[in-house]
Amino acid sequence: MKKSLPLLVALLSGVCFWPGVIVAKSAGKEVRLAGLGGGVNVTFDQHDIPHIYAKSWPDAARVLGYLHAGERLWQMDLFRRQGSGTVAEILGPDALESD
C-alpha cells in the first residue's frame with residue numbers, strides 16, 4: 001500500500017483537474033493571456049479538438065502552448081521528471097531503475 005500511494009495521489013490529482021477543463025471548454029470561457037499581440041479565437045469541435053484563429057504565428061504558438069499545458073500538464077511534468085531523474089519522487093522506489 002505504501003508503494004502505491006504516490007501513484008494513487010498522482011492519478012487522483014489528474015482526475016480532479018480533468019472536469020475543470022471540460023467545464024472551461026463548454027462554457028465559452030474568455031481567458032486573457034499576457035504577451036499576445038492581437039486577438040486570438042479558439043473554438044473546439046465535436047471531438048474537443050481546438051482550432052486556433054490568430055493574426056500572427058507567435059500569438060497562435062503562445063495560445064497553443066497554453067492549451068497544451070492545460071490539457072497535458074501532468075504529462076509535461078512527468079517528462080520533465082524523466083529528464084531530471086526524479087520520477088521516483090512521485091512514483092516511489094519501483095521507478096528508481098528508470099531514473
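Observations
- Across segment 78-99, the number of residues qualifying as open to solvent by less than 90 Å² (accessible area, probe 1.4 Å) and outside any loop (DSSP other than H, G, I, E, B) comes to 9.
- In segment 31-71, residue farthest from the chain's Cα centre (by Cα) [restricted to those that are among the hydrophobic types (A, V, I, L, M, F, W, C) and open to solvent by 90 Å² or more (accessible area, probe 1.4 Å)]: 57
- Selection within segment 46-72 - β-branched (Val, Ile, Thr) and in a helix (DSSP H, G or I): 63
- The residues of segment 56-76 that are modelled with pLDDT under 90 and either at positive phi or among the charged types (D, E, K, R) (or both), listed by number, are 71, 72.
- Segment 37-68, residues that are closer than 27 Å to residue 79 by Cα and hydrophobic (A, V, I, L, M, F, W, C): 42, 44, 49, 52, 57, 60, 61, 63, 64, 67
- Any chance residue 75 is without any contact (Cβ under 8 Å) to a residue 12 or more places away in the chain and either among the hydrophobic types (A, V, I, L, M, F, W, C) or assigned to a helix (DSSP H, G or I) (or both): yes
- Here residue 1 meets the list (1) at pLDDT 85 or above; (2) exposed (fewer than 12 other Cβ atoms within 10 Å of the Cβ) almost entirely, failing just condition (1).
The values are calculated or read from the model by the stated rules, or taken from the named source; none is laboratory data. The structure displayed is predicted, hence computed values, not measured ones. Neighbour counts run over all protein chains shown; Cβ positions are idealised from the backbone, glycine included. The accessibility values were calculated without ligands, DNA or RNA, using every heavy atom of the protein model including side chains. Shrake-Rupley method; radii C 1.70, N 1.55, O 1.52, S 1.80 Å.
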